[in-house]
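Written below as structure tokens is the structure these notes are about.
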Amino acid sequence: MQYQGDRPPSRWGVLAICAVAQFMVVLDVSIVNVALPQMRHDLGLSIASQQWVVNAYTLTFAGFLMLGGRAADLFGRRRVFLAGLAMFTAASLIGGLAQTGAWLITARAAQGLGGAVLAPTSLSLLTSTFTDMAERRRAMGVWSATAASGAAAGVLAGGLLTDLLDWRWVLFVNVPIGLVMLVGAPRMLPEWQAAGPRTRLDVEGAFTITVGLALFVYGIVSTDTHSWGSAQTVMALAGGAAFLLAALFIEARVAPSPLVPLGIFRRSALCAANGIAMIIGAALFGMYFFISLYLQEVAGYSPLRTGLAILPAGTMTLAGALAASRLVARIGARRQLVLGPVMSAAGLLWMSFLSFGDGYWTQMFVPLALFGLGIGTTFVPMTLTATAGVPSAQAGLASGLVNTARQIGGAVGLAVLATLAASATRDSHQAAHSVQAALTAGYDRAFLAAGVLLLVGAGLALLIRSETPARPSAATNPAISLTKTSV
């Protein structure tokens, strides 16, 4: 990759732009949750349509992540970043103006597509800009901290905006931020162009991977309303599997310049990091989903009070991510990828003993903080491990893979955890327990399963053979050269 510009970029300006973009992307995963009742009332949404306000974003975000990362590598990271930011901002405005459910759901899908471009592009911009490993760790710490705290901030911001203003502001809030960034980003961001002739974008591979992932995720999330054995779920999962198999054939045998070169999976550290990312996604999505339900449906909290109650998890995630860049320099990525998930697992296992009527301060505050701290300390070493040793030309691919793994893990994990929770709730209700006690039993089962998953993730970290190098080698970024040329 070659830098195109009249002067070297401001590295910390690049970090600020990328961190804010990633924060917006993660924020919009959760910000609409507490606003759904108002959306349903104002737009006449059915129960299924209400779910698609969330699912439309998740599906397009997960399905297009790898395409967004690869497009950034091929067509220029600044150019692709600005295109994704413009789409995300415009979709937020259109969604806030929605007059029908279909209008809102379509806008949410477009938001997800914009986010799928922003997330891997922002990370690849950082890895290309911060070539010194010590500075890269600090930059990753800031980027990961803002990203990791986005989910908790989304719950809090959603409750605040919905209670004080209107549900439309959970979408409008992105517009002024996006406009400011669209003005500032062209001046702050460097443009990295692929050296040599531009290769052809693997449209066939992108299509089959995207459709396969979208169908697979759709099949998983549809289990909220259809059983695992229903025709709709089975057909979606089978169709997703067929498309993914076709994608493997295209990438291995057909595409001259594949979207996902299968040789990248020979890196055991990258594979382990992606496995950990899937587990982190499952635990993170599951914890926020079930604790939100418990606080509102069982404890009777308002949306705003629910957001405030979950805030310790987000605050400690932020603190953990900020400390992680220094910690990883002391103990190494592998040890930190064991420590973080174990810490978070301890918090979830503690909450698995939650009983109906337990107080917040005695049974939820400390485990929420412990969970958040462990998650926060995991993001930096996970990202460093996934991208360490990967050539600069494939930085977007590597970041797209780890982001996709986390989102797919979140969707799959949440569906599985919801199934376990529903089963435990039914069993408890049949035992003549109250509705609140039965719901609590289901949430306990989900917290227990998520905690066990995190312990499995800690075990995957042991498969990482070597630590992240202290300094990038020549092989890490062989094509980076800061060359002054005219734009």
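The values are calculated or read from the model by the stated rules, or taken from the named source; none is laboratory data. Since we're looking at a predicted model, the values are computed, not measured. When we count neighbours, we look across all protein chains shown, and the Cβ atoms used for this are built from the backbone with ideal geometry, even at glycine.
Taking the range 151-182 as the region of interest, how many residues are among the charged types (D, E, K, R) and surrounded by 18 or more Cβ atoms within 10 Å (Cβ to Cβ)? Spell out the reasoning first.
First, the residues of the range 151-182 that are among the charged types (D, E, K, R): 163, 166, 168.
Right, trim to surrounded by 18 or more Cβ atoms within 10 Å (Cβ to Cβ) and you get 168.
Residues meeting the conditions: 1.
Which residues, counting only those in the range 61-95, are surrounded by fewer than 23 Cβ atoms within 10 Å (Cβ to Cβ) and modelled with pLDDT under 80?
Within the range 61-95, Leu74, Phe75, Gly76 qualify.
Consider Phe249 carefully, then state whether it is touching a Ser or Thr at 6+ places or on another chain (Cβ under 6 Å) and outside the structural domain of Leu384 (by TED's automatic domain parsing). Walk me through it before giving the result.
Details: touching a Ser or Thr at 6+ places or on another chain (Cβ under 6 Å): no; outside the structural domain of Leu384 (by TED's automatic domain parsing): yes.
Criteria not met by Phe249.
Residues are listed down the side, and each one gets a yes or a no for (1) within 30 Å of Ala421 (Cα to Cα); (2) assigned by TED's automatic domain parsing to the domain that holds Ala90; (3) at pLDDT 75 or above; (4) acidic (Asp, Glu):
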| position | (1), (2), (3), (4) |
| --- | --- |
| Val180 | no, yes, yes, no |
| Gln193 | no, yes, no, no |
| Met235 | yes, no, yes, no |
| Leu245 | no, no, yes, no |
| Arg253 | no, no, yes, no |
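Residues in the range 81-103: is at least one over 18 Å from Met39 (Cα atoms), outside the structural domain of Tyr218 (by TED's automatic domain parsing) and not in a helix (DSSP H, G or I)? Before the answer, list the steps.
The first filter runs over the range 81-103 and keeps only residues over 18 Å from Met39 (Cα atoms), leaving 81-90.
Cutting the leftovers down to outside the structural domain of Tyr218 (by TED's automatic domain parsing) gives us 81-90.
The next check asks that each one be not in a helix (DSSP H, G or I); those that pass are none.
Taking every residue of the range 81-103 in turn, none turns out to be over 18 Å from Met39 (Cα atoms), outside the structural domain of Tyr218 (by TED's automatic domain parsing) and not in a helix (DSSP H, G or I).
So the check is Cβ under 7 Å with 6+ separation or different chains; which pairs have a first residue in the range 252-269 that's among the basic types (Lys, Arg) and a second one that's surrounded by 12 or more Cβ atoms within 10 Å (Cβ to Cβ)?
Close Cβ pairs satisfying both conditions: Arg267/Gly389.
When you scan the range 31-58, how many residues do you find that are among the hydroxyl-bearing types (Ser, Thr, Tyr) and modelled with pLDDT under 75?
Taking the range 31-58 first, the residues among the hydroxyl-bearing types (Ser, Thr, Tyr) are 46, 49, 57-58.
Add one more test, that the residue is modelled with pLDDT under 75, and what stays is 46, 49.
Qualifying residue count, the range 31-58: 2.
Name every residue in the range 350-360 that is modelled with pLDDT of 90 or more and buried (at least 19 other Cβ atoms within 10 Å of the Cβ), in order of residue number.
Met351
State all residues of the range 119-146 that are touching a Phe, Trp or Tyr at 6+ places or on another chain (Cβ under 6 Å) and under 27 Å from Arg168 (Cα atoms); if no residue qualifies, say none.
Thr146
Hey, can you tell me all the residues within the range 7-41 that are surrounded by 23 or more Cβ atoms within 10 Å (Cβ to Cβ) and either free of Cβ contacts under 8 Å to residues at least 24 places away in the same chain or hydroxyl-bearing (Ser, Thr, Tyr) (or both)?
Ser30
Considering only the range 295-307, I want to know if a residue exists there that is surrounded by 20 or more Cβ atoms within 10 Å (Cβ to Cβ), under 16 Å from Gly347 (Cα atoms), in contact with a helix residue (DSSP H, G or I) (Cβ under 7 Å, 6 or more places away or on another chain) and among the small types (Gly, Ala, Ser).
No: zero hits.
Is at least one residue of the range 340-355 within 27 Å of Thr162 (Cβ to Cβ), hydrophobic (A, V, I, L, M, F, W, C), in contact with an Asp or Glu (Cβ under 9 Å, 6 or more places away or on another chain) and in a helix (DSSP H, G or I)? Spell out the reasoning first.
From the range 340-355, those within 27 Å of Thr162 (Cβ to Cβ) are 351, 354; that's our starting set.
From what's left, hydrophobic (A, V, I, L, M, F, W, C): 351, 354.
Checking the rest, the ones that are also in contact with an Asp or Glu (Cβ under 9 Å, 6 or more places away or on another chain) come to 351, 354.
Of the ones still in play, those that are also in a helix (DSSP H, G or I) are 351.
Among the residues of the range 340-355, at least one is within 27 Å of Thr162 (Cβ to Cβ), hydrophobic (A, V, I, L, M, F, W, C), in contact with an Asp or Glu (Cβ under 9 Å, 6 or more places away or on another chain) and in a helix (DSSP H, G or I), which makes the answer yes.
Going by what's in this entry, would Arg79 be described as of a type outside the set (Ser, Thr, Tyr), closer than 16 Å to Val25 by Cβ and touching a residue at least 60 places away in the same chain (Cβ under 8 Å)?
no
Could you please let me know if Gly286 is at positive phi and modelled with pLDDT of 80 or more?
It is false that Gly286 is at positive phi and modelled with pLDDT of 80 or more.
For Gln430, indicate whether it is crowded, with 20+ Cβ neighbours inside 10 Å, at pLDDT below 80 and among the polar types (S, T, N, Q). Don't jump to the end; show me each part of the working.
Details: crowded, with 20+ Cβ neighbours inside 10 Å: no; at pLDDT below 80: yes; among the polar types (S, T, N, Q): yes.
No, not satisfied.
Mind checking whether some residue in the range 368-378 is of a type outside the set (Phe, Trp, Tyr), surrounded by fewer than 24 Cβ atoms within 10 Å (Cβ to Cβ) and at pLDDT below 80?
Taking the range 368-378 first, the residues of a type outside the set (Phe, Trp, Tyr) are 368-370, 372-378.
Subsequent filtering for residues that are surrounded by fewer than 24 Cβ atoms within 10 Å (Cβ to Cβ) retains 369-370.
Right, trim to at pLDDT below 80 and you get none.
No, because not a single residue in the range 368-378 is of a type outside the set (Phe, Trp, Tyr), surrounded by fewer than 24 Cβ atoms within 10 Å (Cβ to Cβ) and at pLDDT below 80.
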